[in-house]
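Structure first, then comments.
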Amino acid sequence: MPTVPIEGGHLYYEVAGDAKAPPLVLSHSLGTGLAMWEPQMAAFAARYRVIRYDMRGHGKSSAPAGDYSMAMLAKDALTLMDGLGIENAHWCGLSMGGMIGLWLATHAPQRLKRAVLANTAAISPTVEMWNARIATVMSQGTAALLAGAIDRWFTKEFQTAHPDIVKRTSALLLATPPQGYAGACVANRDMDQREAIRAIAVPCLVIVGEKDFAAAPEFGRDIHARIAGSKLVSLDAAHLSNTEAPEAFTRAVLDFLAA
């Protein structure tokens, strides 16, 4: 099983595409895993060396107990890049993966060529909501969060039309260790990157979902306004826009990375 050591355990990853192609790192949302990127893999791997990983607390990666921070999650990603001998790479992150991308573009810009920041935010309101979610997952497990998560991730129309995809995505949340989910919630709860990201000079594409109630479109538009020269794309989708609008998402990312 391909892993790199991180503080508290290991990080699981998978690599696809030509080893000599430009590297592209994919970072998933809270409560999912690297399998979230399946709709993009064929197209991305045709052009890039694609590295996707389960972030700390998710999937086949370690889920150490305790609070996580956005800096910790970002440094995990840098450890992965170092372990694979990658000096710099394109970044594509959705939701929490986008928040990690913001941190990297701010604090380690030399490691990123271009960054896609999808369905994400520079701050995650509210503290009370996150505390309640942490309490629920630690007392009842991730199954107690499933119904709410599905309604945030997908529109009702998509849920009805694609029950197989909803089922597969649900399995990712159900497989997430409660302590890992809770630790990642703390990273979301305590994050405020609004002012720091004004310094970003890495070329960035911000993707918003017009039906996203988890990271509302205005949060993405605020990121776009704060990062000089960034591009903005709006998709007709809820939170997991790469899954609900896969063709449009893939096209937007590939067009931006090739620019």
Any chance you could count how many residues in segment 206-225 are buried (at least 19 other Cβ atoms within 10 Å of the Cβ), out of contact with any strand residue (DSSP E or B) (no Cβ under 6 Å at 6 or more places or on another chain) and either of a type in the set (A, V, I, L, M, F, W, C) or in a helix (DSSP H, G or I) (or both)?
-> 3
Do you know which residues across segment 143-190 are of a type in the set (Ser, Thr, Tyr), buried (at least 17 other Cβ atoms within 10 Å of the Cβ) and over 15 Å from His28 (Cα atoms)?
-> Thr155
Test Thr120 against the criterion of being modelled with pLDDT of 95 or more, assigned to a helix (DSSP H, G or I) and among the hydroxyl-bearing types (Ser, Thr, Tyr), and give yes or no.
-> no
Residue pairs within 8 Å by beta carbon, gap of at least six or interchain, first lying in segment 28-43 and at negative phi and touching a residue at least 24 places away in the same chain (Cβ under 8 Å), second among the small types (Gly, Ala, Ser) and not in a loop (DSSP other than H, G, I, E, B), listed first then second, are His28/Gly93; His28/Gly97; Ser29/Gly97; Leu30/Ala184; Met41/Ala16
For Ser95, state whether it is crowded, with 20+ Cβ neighbours inside 10 Å, at pLDDT below 95 and either small (Gly, Ala, Ser) or in contact with a Pro (Cβ under 8 Å, 6 or more places away or on another chain) (or both).
-> no
Does Ile197 fit the bill of being assigned to a helix (DSSP H, G or I) and closer than 30 Å to Pro64 by Cβ?
-> yes
Condition check for Asp82: modelled with pLDDT of 95 or more, surrounded by 16 or more Cβ atoms within 10 Å (Cβ to Cβ) and assigned to a helix (DSSP H, G or I) | no
Scan segment 151-197 for residues that are touching a residue at least 60 places away in the same chain (Cβ under 8 Å), of a type in the set (Ser, Thr, Tyr) and more than 20 Å from Trp130 (Cα to Cα) and jot them down.
-> Thr155, Thr169
May I ask you to list the residues in segment 104-121 that are surrounded by fewer than 24 Cβ atoms within 10 Å (Cβ to Cβ) and over 15 Å from Val253 (Cβ atoms)?
-> Thr106, His107, Ala108, Pro109, Gln110, Arg111
Taking Ala74 as the residue in question, decide whether it is among the small types (Gly, Ala, Ser), free of Cβ contacts under 8 Å to residues at least 40 places away in the same chain, surrounded by 22 or more Cβ atoms within 10 Å (Cβ to Cβ) and under 16 Å from Trp91 (Cα atoms).
-> yes
If you check Ile86, Ile100, which single one turns out to be in contact (Cβ under 8 Å) with a residue 60 or more places away in the chain, β-branched (Val, Ile, Thr) and over 23 Å from Ala237 (Cβ atoms)?
-> Ile86
Within segment 102-123, work out how many residues are in contact with a Phe, Trp or Tyr (Cβ under 9 Å, 6 or more places away or on another chain) and more than 17 Å from Cys185 (Cα to Cα).
-> 10
Look at segment 228-254 and say how many of its residues are assigned to a loop (DSSP other than H, G, I, E, B) and either surrounded by fewer than 21 Cβ atoms within 10 Å (Cβ to Cβ) or free of Cβ contacts under 8 Å to residues at least 40 places away in the same chain (or both).
-> 5
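The values are calculated or read from the model by the stated rules, or taken from the named source; none is laboratory data. Everything quoted here is computed from the prediction, not taken from an experiment. Neighbour counts run over all protein chains shown; Cβ positions are idealised from the backbone, glycine included.
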